[in-house]
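The values are calculated or read from the model by the stated rules, or taken from the named source; none is laboratory data. This structure is a prediction, so every number in the text was calculated from the model and none was measured. No Cβ is skipped: glycine too gets one built from the backbone with ideal geometry, and neighbour counts run over all protein chains shown.
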Amino acid sequence: MLLLVGSTLAWSQAGQPALVKVTEASMQRITPVTLVPGTVVSRNDARLSAEVPGRLTSVADVGTVVLAGATIAEIEDTSLRLMQAELQAEVQRAEARLRFLESEEKRFTQLAESNLAAQAQLEQTRSDRDVARGDLAIERARLAQNADQLARTKIMAPFSGVVVERLMTPGERVTEGSKVIRLVDQQNLEVIARAPLEYYPFVRTGQLLDLRAGELTTFGEVRTVVAVGDEHTHQFELRLDLEDSRFPVGQTLRVSIPTADSRKVLTVPRDALVLRPGGHSIFIVDANNQAQQIRVTVGVGHGEDIEVRGAVSPGDKVVIRGNERLQHGQAVNIMDS
């Protein structure tokens, strides 16, 4: 830039045409936007709780990366394992009694054909058999319930993620519902943003919106728009899917929200604008290779381009380099790209 300015000044002092770089003004379809704050969050962020009471024997360290289904905390299970052995024995006893009564039923069925006394015993045996079947079902249910409780002594990761917080440590006693550990999925991310209700008609599911955080820029796809405004802040909420893994959970972003429908406007590069005491202006190069200064009003920006309104037409050669010291009517030489 300094070399180009110096070159322009030297040419001007020598009475020679100024050396400039140009591009063409063009029509573009632009959507006016405003920036609103947003926050990167995980779609899977859980504080996992104990489901059985007991003493914690292990809790995964903060920073541990786990896969779905992995054990991240354990509760002492001694009493439950002993209960499991007892209930298994109860089931075996109930099964043995049922087998005995079923064999007795077969025997009395044969005797009852010729012995009236055996008929009464047969009915009693059938009744005892039915009770034994019920007792066996109860014991099996108790065994299954205890097995379920035993399985719940291990707190499993419901999704793949990283341990970000230990809410309790090994040795502490937990009750049912005690929060033990926080697990966050760092892969499935989204951005939550809130915008004024007047912009709601211009935000639609599936739109790609620009996201900025300092020097980092990316885009997110609008996944859902919550069509209910807050009566105090008069804002609506939108959520965007974020595929860019450069942003950590909790990162603050600026989200470009459309504020009107798109429209076709005349644009020039931002470098073409010259700000002088009289306001904004640009230089165009006419057919005689002379710089003509045009007063303009700026409008909506779009990346490196910006809308201008004034005596400018699509296809006009607009000066984008060497315009700092140009004067109206000055001769110019156009440099190659």
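For residue 80, the conditions (1) within 30 Å of residue 176 (Cα to Cα); (2) without any contact (Cβ under 8 Å) to a residue 60 or more places away in the chain; (3) crowded, with 16+ Cβ neighbours inside 10 Å are fulfilled apart from (2). For the stretch 199-253, a residue qualifies if it is over 18 Å from residue 188 (Cα atoms) and charged (D, E, K, R), and the qualifying residues are 204, 210, 212, 215, 230, 231, 237. Here the stretch 6-38 is the region considered, the condition is being surrounded by fewer than 14 Cβ atoms within 10 Å (Cβ to Cβ) and at pLDDT below 75, and the residue that is nearest to residue 309 (Cα to Cα) is 6.
Condition (residue is surrounded by 17 or more Cβ atoms within 10 Å (Cβ to Cβ), in contact with a helix residue (DSSP H, G or I) (Cβ under 8 Å, 6 or more places away or on another chain), at negative phi and in the same structural domain as residue 215 (by TED's automatic domain parsing)) applied to the stretch 273-288: is it met by at least one residue? Checking the stretch 273-288: not a single residue is surrounded by 17 or more Cβ atoms within 10 Å (Cβ to Cβ), in contact with a helix residue (DSSP H, G or I) (Cβ under 8 Å, 6 or more places away or on another chain), at negative phi and in the same structural domain as residue 215 (by TED's automatic domain parsing). For the stretch 100-136, give me each residue that is without any contact (Cβ under 8 Å) to a residue 12 or more places away in the chain and over 28 Å from residue 89 (Cα atoms). Within the stretch 100-136, 110, 111, 112, 113, 114, 115, 116, 117, 118, 119, 120, 123 qualify. When the stretch 326-337 is filtered for residues that are crowded, with 18+ Cβ neighbours inside 10 Å and not in a loop (DSSP other than H, G, I, E, B), only 332 remains.
Mind telling me which of the residues 198, 176 ends up being acidic (Asp, Glu) and either crowded, with 16+ Cβ neighbours inside 10 Å or within 22 Å of residue 45 (Cα to Cα) (or both)?
Only one candidate qualifies: 176.
When 231, 215, 176 are checked against the criterion of being more than 24 Å from the chain's Cα centre (by Cα), of a type outside the set (Gly, Ala, Ser) and more than 21 Å from residue 60 (Cα to Cα), 231 stands alone in meeting it.
As a summary of the residue check, residue 313 satisfies the conditions (1) at pLDDT below 90; (2) loosely packed, with under 12 Cβ neighbours inside 10 Å except for the one numbered (1). Do we have residue 273 as under 42 Å from the mean Cα position of the chain (by Cα), without any contact (Cβ under 8 Å) to a residue 40 or more places away in the chain and within 26 Å of residue 25 (Cα to Cα) here? Taking the combined requirement at face value, the residue satisfies it. Scanning the stretch 210-265 for residues that are surrounded by 12 or more Cβ atoms within 10 Å (Cβ to Cβ), acidic (Asp, Glu) and closer than 28 Å to residue 305 by Cα yields 210, 221, 241, 244. Looking for something surrounded by 11 or more Cβ atoms within 10 Å (Cβ to Cβ), over 44 Å from the mean Cα position of the chain (by Cα) and of a type in the set (A, V, I, L, M) - is there at least one such residue anywhere in the stretch 317-325? No, the conditions are met nowhere in the stretch 317-325.
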